[in-house]
Amino acid sequence: AQTVTQSQPEMSVQEAETVTLSCTYDTSESNYYLFWYKQPPSRQMILVIRQEAYKQQNATENRFSVNFQKAAKSFSLKISDSQLGDTAMYFCAFMRGGGSNYKLTFGKGTLLTVNP
Amino acid sequence: GAGVSQTPSNKVTEKGKYVELRCDPISGHTALYWYRQSLGQGPEFLIYFQGTGAADDSGLPNDRFFAVRPEGSVSTLKIQRTERGDSAVYLCASSLTGHNTGELFFGEGSRLTVL
């Protein structure tokens, strides 16, 4: 079974600063995907960024980027130029590839607060 | 609507009662998922529908939980003889197909409180 660990229950950052959220995972799979989802107070989970395990290049989406270290099974999220609207719970998630690529396994989340 | 719609938004019930939670996915999405998010935890997989059939119900905790999707669109999660431990946010998501690269579209969830 896969496990996803987020070791930072809470973090805070000043507006316009950069913050990094940590995630580690454990799997014996070679084909998989990793994700960061954001959950604001509205409870709706929103996909922030996605990484395919077979790609060595780190994914980026505007102010969001990841540091994917496959050998270390580490997948951190960097948020640059933090904005007040980035305040939310952030969940790291794992999904197997191949025929089972539909089930997400989530970590416990990190509550990020962006301070003005 | 444009997004995944879940009703009710909040439901308070008494222990032992029967509850139904409804999910209306994005039009045209063939895959539908239910997840349960307990307080302080990440969402946990319950069940996955491809069309009308449950392709994987391995996450349902016990036989008090059941879900249907009779016409391949709206889905209902049914909980019998509710227990206090069933209190959680129940999230529904949909995607265009079942085998995807992880872009699930989530609703805002139904918060269930069992007294």
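A few remarks follow.
- A:L112 being within 15 Å of A:S7 (Cβ to Cβ) and buried (at least 16 other Cβ atoms within 10 Å of the Cβ): yes
- Pairs linking a residue in the stretch A:90-107 that is more than 25 Å from B:G40 (Cβ to Cβ) and among the aliphatic types (A, V, I, L, M) to a residue that is at pLDDT below 90 and open to solvent by 20 Å² or more (accessible area, probe 1.4 Å), with Cβ atoms under 9 Å and 6 or more positions apart or on different chains, do not occur.
- The set of residues in the stretch A:91-116 that are more than 16 Å from A:I49 (Cα to Cα) and either at pLDDT below 95 or within 7 Å of chain B (Cβ to nearest Cβ) (or both) comprises A:R96, A:G97, A:G98, A:G99, A:S100, A:N101, A:Y102, A:K103, A:K108.
- When residues of the stretch A:32-63 are limited to those that are in a strand (DSSP E or B) and more than 10 Å from the chain's Cα centre (by Cα), the one nearest to the other protein chains (Cβ to nearest Cβ): A:Y33
- Candidate set: the stretch B:52-105, residues that are polar (S, T, N, Q) and in a strand (DSSP E or B); chosen: the one farthest from the chain's Cα centre (by Cα): B:S95
- In this entry, B:P43 passes the filter for residues that are within 27 Å of A:L112 (Cβ to Cβ) and either surrounded by 14 or more Cβ atoms within 10 Å (Cβ to Cβ) or of a type in the set (D, E) (or both).
- Exclusive hit being away from every other protein chain (no Cβ under 14 Å), under 27 Å from B:K15 (Cβ atoms) and free of Cβ contacts under 8 Å to residues at least 60 places away in the same chain, set B:V74, B:V114, B:V89, B:V68: B:V68
- The lone exception for A:Q57 - which of (1) exposed (fewer than 12 other Cβ atoms within 10 Å of the Cβ); (2) over 26 Å from B:L96 (Cβ atoms) it fails: (2)
The values are calculated or read from the model by the stated rules, or taken from the named source; none is laboratory data. What you are looking at is a predicted structure, and each value in this text was computed from that prediction instead of being measured. For neighbour counting, all protein chains shown are included, and Cβ atoms are generated from backbone atoms with ideal geometry for every residue, glycine included. Accessible surface is based on the protein model in full, side chains and every heavy atom, while ligands, DNA and RNA are left aside. Shrake-Rupley method; radii C 1.70, N 1.55, O 1.52, S 1.80 Å.
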